[in-house]
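All remarks here apply to the structure that follows.
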């Protein structure tokens, strides 16, 4: 990889993708961050993404896919506010093929601006639950992206095989302002502390032996 | 395929995808049509899609991806109105990875409603010019979709290896109301008759030896 490689990084504003953006920048990629609004409850994460891209000093584009809400209604509690957000993993926390949709728009953007790399923050702890976080998925997607654009794209996550605690450790090394990241599935003024995503965040800091800068409402 | 198979059909309102929707219906699929707004000049095609789905009497969903306009600015004349729409094929008629984006949303929708098939209208005449119309692309995409959803999805075009003239012939057999379809890249009251898409439409009717019901402004 030369210093002129340009990467589109999918940035949700959470811990994993924010650290992926910092990682890509540290590797010498010209980073372009891409954030999606898709009708998710936690609009706070979009603001977190803005702050992370701002801290890194790189271009940031927010793409509004809010009309996907209509597609996802009934399928996932992260979009459909009539469904309860579970404290433990349940299938209704899965937003169907979300990473497939995000990666496809990222590939379209990469092809438009002449970038050859698309990076997202999938990691080992998510692989058992979320099929679109697995390496076999993004390798297949990379093949489709190459064939569909005629461009030698690379599509990957730097966190393959790593857990969220490992990412916390990498974030510290890379100087990621973790206090600016947002993980909570809900839209409170601070992290709720009890949804599945907050639980995973807390556990990751504990497992990494790192002080958690996050203010939690309870738990 | 049993009679209970459900298919999401990507319907632009043009000749190829309208005939694909009619074909799927004739094969016994439960057809759900999906149309995209993505900042394209020709909003008329969305209205054409509504009419085709209405004629077929099947559910129709229009997904507004208009904020993709921001992604595609500068890359394609079909979205960026500061670029000229060419009369012959030029790279700026390519909307980068458009079918990849559309197929990924269609897969998300299929997974949400429990459909096992995604159909679009790519055909042989487009294959040399548009990489995301080629069979090797949609086979790879199908693999990514299966891995990313854990569902045994099929993703294909019924027009593999066929040209647009063949599709006109199939449309007649299937009773597609071709006068309701819209192919023109521009947004006039009637088809312009001279853009690349109108030229291909006219040629297809001529080659099929079929009377063309389309009213063209010139050419």
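The values are calculated or read from the model by the stated rules, or taken from the named source; none is laboratory data. Computed from a predicted model, the values in this text were never measured in an experiment. Quick reminder, even Gly has a Cβ in these numbers, built from the backbone with ideal geometry, and neighbours come from all protein chains shown.
Restricting attention to the stretch A:142-160 and to residues that are surrounded by fewer than 20 Cβ atoms within 10 Å (Cβ to Cβ) and within 16 Å of the chain's Cα centre (by Cα), the residue that is farthest from the other protein chains (Cβ to nearest Cβ) turns out to be A:158. Can you spot a residue in the stretch A:191-213 that is within 14 Å of chain B (Cβ to nearest Cβ), in a helix (DSSP H, G or I), within 17 Å of the chain's Cα centre (by Cα) and surrounded by fewer than 23 Cβ atoms within 10 Å (Cβ to Cβ)? There is no residue in the stretch A:191-213 that is within 14 Å of chain B (Cβ to nearest Cβ), in a helix (DSSP H, G or I), within 17 Å of the chain's Cα centre (by Cα) and surrounded by fewer than 23 Cβ atoms within 10 Å (Cβ to Cβ).
Residues in the stretch A:44-60 that are surrounded by fewer than 18 Cβ atoms within 10 Å (Cβ to Cβ) and within 14 Å of the chain's Cα centre (by Cα): A:47, A:50.
Based on what the data block shows, is residue B:165 surrounded by fewer than 20 Cβ atoms within 10 Å (Cβ to Cβ), more than 14 Å from chain A (Cβ to nearest Cβ), at pLDDT 95 or above and farther than 19 Å from residue B:38 by Cβ? Yes; evaluated as a whole, the condition is true for this residue. Looking across the stretch A:111-141 at every residue that is in contact (Cβ under 8 Å) with a residue 24 or more places away in the chain and either within 8 Å of chain B (Cβ to nearest Cβ) or assigned to a helix (DSSP H, G or I) (or both), the one that is nearest to residue B:147 (Cα to Cα) is identified as A:137.
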